[in-house]
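Inspection log for the structure reproduced underneath, given as structure tokens.
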Amino acid sequence: VLQIVKESQQQHGLRHGDFQRYRGYCSRRLRRLRKTLNFKMGNRHKFTGKKVTEEILSDNRYLLLILMDAERAWSYAMQLKQEANTEPRKRFHLLSRLRKAVKHAEELERLCESNRVDAKTKLEAQAYMAYLTGMLRFEHQEWKAAMEAFNKCKTIYEKLANAFTEEQAVLYNQRVEEISPNIRYCAYNIGDQSAMNELMQMRLRSGGTEGLLAEKLEALITQTRAKQAATMSEVEWRGRTVPVKIDKVRIFLLGLADNEAAIAQAENEETKERLFESLLSECRDAIQAVREELKPDQKQREHSLENDSGKVSNIQYLHSYLTYIKLSTAIKRNESMAKSLQKALLQQQRSDEDGKRTPRPQDLIRLYDIILQNLVELTQLPGLEEDKNFQKEIGLKTLVYKAYRCFFIAQSYVLVKKWSEALVLYERVLKYAREVQSGAGAHRNSLKELPDVQDLITQVNAEKYSLQAAAILDGNDPHESESPSQVKDGKPLSERFETFCLDPSLVSKQVNLVHFPPGFQPIPCKPLFFDLALNHVAFPPLEDKVEQKAKSGLTGYIKGIFGFKS
């Protein structure tokens, strides 16, 4: 039963949480089974109900009919559960479909009691019925009945897992892991306080729960922290006590230690990254809540700044504290990513495998740039400008991360054989590291969480000797010194007939034979002629040859009026 259900679910939508698609598959399969078995419920004009009885169990597909009915009702219930977040009325329909699924599961269990069914199928039918019953009781918040059903289901699957091979036991063990958080949650609601700690550990190990329990567990954690937050009234940071009146901030500060402990206990980088993102998201929400309180308090803060000689208000100092937590968490996250990239970079240097994109020193440089930017923002937090110890700690941390950033910049120069630039950067790394060692003094406790600069100094000294040896070898190799210049100048073959070199591009599709299109060359222009003699020629007078125009007077004017012409 379990194998059929899991295979159908994985192949038809539930891998992506698409319950509607799976419900459609169950309906289509039911139609195919009824048609194959000639077990139709009447015709298109009239419905005639039929029930599967023990007498007709000649084919195991009759049991599949009942199983698919139950799965269809269950998938519809889960679809309604997703929609009930925005439409609460659908919860009633959800419970109705779950009851229908339990009814079909009970019928399946009753039919499996027949002698024609083997013992394994009987046990799986009982476990399936217990699982659906537990889910129905869980939604009804009948914790004791739900816990009994889930425990029965868990016991059957554990026995089945012990009775078969390891390959078959994997499926049963997965189902046991799915229902274990539900059992713990029911135990907590019954009154077992230790179950809450176990639920928290499950959530922290997985980086977040999934399935039926996810929303209920998150609501339970928030509710528990809200109860504790009612007793929390203030927080102390760097010698100053600040009252905390915002509930969202109280809940965040109470859960801060648990989240940090979970990050420290994370088993892999993916889980740690997910927990970092969750913590940063909660911190941003808390900061937003404080900002909303800051807006109406603007005038009061300005007044307090005048009266207290630069001392910021409590709400502004709380905002600085939360911003400090956010920036510090971001620095820790980027540092964790940098460590994993360093390990991958070291493994790549040892193996030199080709294939997918491998990490490069430039990736680490980008991470350290972000860390240094966060440290600059820390020094500008309101209320901490006059805190000399804080500014000194941030200054030392900045030197540490500058040293590591400089080291990986040098590594990137080594890859492109820029030996002199890399050597200068290595010297700069040693300078930063010595400044950290000389200035640590009373701040050694705050530098414990940072990377050890002594290890960096040892590594840099070793890299310097390797770099000098590589530079000498590179300078003594004529092929390495000449061939790059020949490649870089980009001269075509027509211009280097006198120089021999092995040019692999000559046998490729893009052969550089001549410059094409050819360059422009100067040519003589078309001559221009200017007649300069014309300005010095004296032409003969022509007045005697030009007809003199008759003088016109009053007589000519009168003749013109009357049309007389001379």
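The values are calculated or read from the model by the stated rules, or taken from the named source; none is laboratory data. In this text the structure is predicted, and so the values were computed from the model without any measurement. Virtual Cβ from ideal backbone geometry, glycine too; neighbours counted across all protein chains shown. The protein model used for the area step is the full one, side chains on, heavy atoms only, and it has no ligands, DNA or RNA in it. Shrake-Rupley method; radii C 1.70, N 1.55, O 1.52, S 1.80 Å.
Brief remarks follow.
- 25 °C / 0.890 mPa s Stokes-Einstein diffusion coefficient of the stretch 96-187, Kirkwood radius on C-alpha pairs, µm²/s: 182
- Radius 13 Å from Cβ of residue 159, net charge of other residues (Lys, Arg +1; Asp, Glu -1): +3
- Along the stretch 80-92 the Karplus relation, 6.51 cos²θ - 1.76 cosθ + 1.60 evaluated at θ = phi - 60°, assigns HN-Hα couplings of 5, 5, 5, 6, 5, 5, 9, 10, x, 5, 6, 5, 5 Hz to successive residues, with x for each Gly and Pro.
- Residue 419 accessible area, assembled protein chains, probe 1.4 Å, Å²: 50
- Karplus 3J(HN,Hα) series, Hz, for the stretch 372-378 with 6.51 cos²θ - 1.76 cosθ + 1.60 (x for Gly, Pro): 5, 5, 5, 5, 4, 5, 5
- Taking other residues whose beta carbon is less than 12 angstrom from the beta carbon of residue 461, and scoring Lys, Arg as +1 and Asp, Glu as -1, yields -2.
- When the residues 516, 252 are ordered by accessible surface, computed with a 1.4 Å probe over the protein chains alone, the sequence from largest down reads 516, 252.
- Distances between placed amide hydrogens fall under 5 Å for residue 237 paired with 242, all partners being 5 or more residues away or on another chain.
- Computed with a 1.4 Å probe over protein heavy atoms only, the accessible area of residue 93 comes to about 70 Å².
- Global form of the stretch 78-140, assessed from the alpha-carbon gyration tensor, a/c cut-off 1.5: prolate
- Part-to-part distance (alpha-carbon centres) for the stretch 259-276 and the stretch 371-426, which is given in Å: 26
- Among 44, 15, 291, 184, the order of accessible area from largest down is 44, 15, 291, 184, computed with a 1.4 Å probe on protein heavy atoms.
- Sparse-neighbour loop sites [trypsin sites (Lys or Arg not before Pro); the stretch 359-442; at most 15 other C-beta within 10 Å; DSSP]: 417, 418
- Oblate is the label for the stretch 1-60. Its Cα gyration tensor axes, ordered a ≥ b ≥ c, give a/c of at least 1.5 and b/c at or above a/b.
- Dimensionless Rg over Rh [the stretch 240-287; C-alpha; Kirkwood]: 1.06
- Accessible area in the full protein assembly, largest first, 1.4 Å probe, for 276, 92, 47, 164: 47, 92, 164, 276
- Tail beyond 18 Å, pair distance distribution of the stretch 312-432 (Cα, percent): 61
- If R0 equals 41 Å, the separation of the Cβ atoms of residue 358 and residue 491 corresponds to a calculated FRET efficiency of about 0.75.
- A simple spin-label model places pseudo-atoms 7 Å from Cα toward Cβ; at residue 4 and residue 520 they are separated by 8.5 nm.
- Links that overshoot a 31 Å alpha carbon limit, given the list 51/122; 159/343; 120/272: 159/343; 120/272
- What separates the Cα centres of the stretch 46-60 and the stretch 96-133 is a distance of 16 Å.
- In the stretch 94-131, the GluC sites (Glu not before Pro) that fall in loop regions by DSSP, at most 13 other Cβ within 10 Å: 113
- Within the assembled protein chains, the solvent-accessible surface assigned to residue 274 is about 90 Å², based on a 1.4 Å probe.
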